[in-house]
Amino acid sequence: MDIRPEDVLTMKKNHPCGSNEMYVIRAGMDFRLRCVKCSREFLVARNKIEKNIKKVSRNEETGNV
């Protein structure tokens, strides 16, 4: 699964604050994520996150030179 820093992940399960959107700070063998609603940051293993992703939103900038 192609997930990059600055993507926003929509998860199947909600964070305890009620939001299901997470901002990707770092991607690799594990992910550093930030909850969009409460700004809590946490580190989670890649295999645990990938099975709970519903949608990946990416801010694509076209025309980069």
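What does the helix-only formula give at 222 nm for the chain: each DSSP H stretch with n ≥ 4 adding -39500 (n - 2.57), the total divided by the residues, and the result rounded to the nearest 500 deg cm²/dmol?
-1500 deg cm²/dmol
Cβ under 14 Å from CYS17's Cβ, CYS17 left aside: what net charge do those residues give with Lys, Arg +1 and Asp, Glu -1?
For residues surrounding CYS17, the net value is +2.
If ligands, DNA and RNA are left out, what is the accessible area of VAL8 with a 1.4 Å probe, given in Å² to the nearest 10?
In the full protein context, VAL8 sits at about 40 Å².
Hey, what did the chain get for relative contact order, percent, Cα under 8 Å, at least 6 apart?
34 percent
Calculate, in nm to one decimal, what VAL8 and ASN47 gain on full extension: separation in residues at 0.36 nm each, minus their alpha carbon distance.
Stretched fully, the VAL8-ASN47 segment lengthens by 12.3 nm.
Within the P(r) computed for the chain, what percentage of the Cα pairs occupies the region above 17 Å?
35 percent
Taking amide H positions as placed 1.01 Å from N in the peptide plane, with prolines and chain starts having none, which residues 5 or more places from ASP7, or on another chain, fall under 5 Å of its amide H?
Here the answer is VAL24, since their amide H atoms fall under 5 Å of that of ASP7.
Which far-off residues, 5 or more places away or on another chain, put their amide H under 5 Å from the one on ASP30, with H placed in the peptide plane?
Answer set, sorted by chain and number: ARG46.
Give me the percent of the accessible area of the chain that comes from carbon and sulfur atoms, probe 1.4 Å, all protein chains in place.
46 percent
Can you give me the solvent accessible area of GLU21 with a 1.4 Å probe, rounded to the nearest 10 Å²?
Number for this one is 80 Å².
Per residue, how much accessible surface does the stretch 10-65 expose to a 1.4 Å probe? Answer in Å², no decimals.
Ligands and nucleic acids excluded, the result is 74 Å² per residue.
The values are calculated or read from the model by the stated rules, or taken from the named source; none is laboratory data. All of these numbers come straight from a predicted model, not from anything done at the bench. So basically every Cβ, Gly included, is an ideal-geometry build from the backbone, and we count neighbours across all protein chains shown. Heavy atoms of the whole protein, side chains included, go into the accessibility calculation; ligands, DNA and RNA do not. Shrake-Rupley method; radii C 1.70, N 1.55, O 1.52, S 1.80 Å.
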